[in-house]
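The values are calculated or read from the model by the stated rules, or taken from the named source; none is laboratory data. Computed from a prediction, not measured in an experiment: that's the story for all the values here. Cβ atoms come from the backbone with ideal geometry, glycine included; neighbour counts cover every protein chain shown.
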Amino acid sequence: MVQTSLDCQAPLVPPSSRGWLRCWLAEAGAQLRLALPFATGQLINCAATFVTLHVVGGEGTGAVAAVGLAMALYACLGRNLIMGLCGAVDTISSQAAGAGRLDLLGPIFRRSCLFLLLHLGPFTLLCVSALWWLPLVTEPSIGHVTAKFLLLVIPDLAAQCIWRPMNRVLASQRITSPFMFVSLLALVCHYLFCLSLVSRFGALGAAVATSLSGWMTLFFGTASVWLVGAGPTIWGGQSTDEAIKQGGAGWLDLSKLAYPSAAMRILESSGFSGIVTTSSLLPFPKIEVDIMSLSLNVYGCLFTPFPALSVCADTRVGNAIGRGAAMEAQRAMRVAAVLSIPSAAAVSLVLVVPQCRQLVDTVLHLDMLDARVKAGIPAALALGFAAGLKSTGLWLGMMVGPFVQMVLYSWLLVKLDWHAVAATCEERLRPMDEVDDSATGA
């Protein structure tokens, strides 16, 4: 199922303007074909959060506040950790697939799963300690339920440690449609589990439903791997020392790629999760946390196109780097940056156009999407309090970080020696028999 046809293997700037436009449009089309199913799947995953809050809503405002806080913390410290660590899988698997080394995808997948599962230990210790510290930093009744919820969703995180690398290895072969269908089936299961368990066990029933849904996702994902014919590439391959080294899946190699990616992901989301946590210290904490958790989840849904686009751009760039095509990789990066502009404009319409905003308010039963809180990270505090912008300032302050990131990443990508990176990767992924032949010829 790997697409072997390459789009526009021409120089980055073709001689004619028509050729230049054709190459850019071809690259944009390739990225959108990959990103749309992925973005749809992520949007469905966001819907699972609203399903949970909707079902738990029947248990009262306190239950919604506790579950909303728990899900915000779990997303920041649990799922975002795993998705951040998967940044390493994105890079090395897409490079191996681009070089035609499908025999390395199996070893990369198995080593990545083991690498992620090792991080369950620290997360479990954090959840156990939350039984003590969460009631101290939040309203006690909310804190106790939130800590227990975090403990009960650990099995879901274990399933994510296997499913996420599997999904990324599929994406490296330009196969993203299964993610959309798997997410849809898992959402149906999650809704049924919530209806059954929340009525019996209250808010904690939603945590059990989340874990059961996670393993159903893994089951459906495994079935989809076989249905699309990608089983041999994921389950096959010999996990020899040489294969691990060539695939870039050594413990140290994974750590160098995974930890900066995970740190960036967690730091990006910790500010928003911190706002939710801090809002529980305000007057009427149950109402404040309820409003903040819903607002944050709306933002998460609106943000879904961008991670999908970044993963698919990573696939296109990695595929090109793997086969030594530095100019193609640079073009893919630039096209992805351009595609993010209309995506941001489309998302902004939801908050700017009154009709769109009213629709969201009606569906979610919210009076406004602005979070009515009085705490945030330093930039948000300055705008919210010193500038007197209140909740609007808090959310505007949260945009300082992404703006700084954009400037730094732009500078890094402009200075990057694409040819050196491509040459190094191509040399690493060269089959051993070719290396031996070249050495003999020399």
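Here are a few things to note about the model shown:
- Each residue in segment 305-322 was checked for being crowded, with 20+ Cβ neighbours inside 10 Å and more than 15 Å from VAL169 (Cα to Cα), and 4 pass.
- Among the residues of segment 228-253, those identified as among the aliphatic types (A, V, I, L, M) and not in a helix (DSSP H, G or I) are VAL228, ALA230, ALA249.
- Annotation: ALA26 fulfils all but one of (1) among the aliphatic types (A, V, I, L, M); (2) more than 18 Å from VAL317 (Cβ to Cβ); (3) free of Cβ contacts under 8 Å to residues at least 40 places away in the same chain; the unmet one is (2).
- Filtered by the rule that a residue be among the aliphatic types (A, V, I, L, M), surrounded by fewer than 22 Cβ atoms within 10 Å (Cβ to Cβ) and in contact (Cβ under 8 Å) with a residue 60 or more places away in the chain, segment 175-187 gives MET180, LEU184, LEU187.
- A Cβ distance below 7 Å, combined with a sequence gap of six or more or placement on separate chains, defines the contacts here; from segment 149-174, residues that are on the phi > 0 side of the Ramachandran plot reach residues that are buried (at least 24 other Cβ atoms within 10 Å of the Cβ) in the pairs ARG174/THR315.
- Complete set of residues in segment 78-100 that are more than 16 Å from the chain's Cα centre (by Cα) and crowded, with 20+ Cβ neighbours inside 10 Å: ILE92, SER93, SER94, GLN95, ALA96, ALA97, GLY98, ALA99
- Of the residues making up segment 218-256, those that are buried (at least 20 other Cβ atoms within 10 Å of the Cβ) and of a type in the set (Ser, Thr, Tyr) number 2.
- In a residue-by-residue description of segment 188-203, the property of being touching a residue at least 60 places away in the same chain (Cβ under 8 Å), surrounded by 19 or more Cβ atoms within 10 Å (Cβ to Cβ) and aliphatic (A, V, I, L, M) applies to at least one position.
- Being crowded, with 20+ Cβ neighbours inside 10 Å, in contact with a Phe, Trp or Tyr (Cβ under 9 Å, 6 or more places away or on another chain) and over 16 Å from LEU53 (Cα atoms) is a description that does not apply to VAL208.
- Any hit, segment 15-25, residues being within 25 Å of the chain's Cα centre (by Cα), at pLDDT 85 or above and part of a helix (DSSP H, G or I): no
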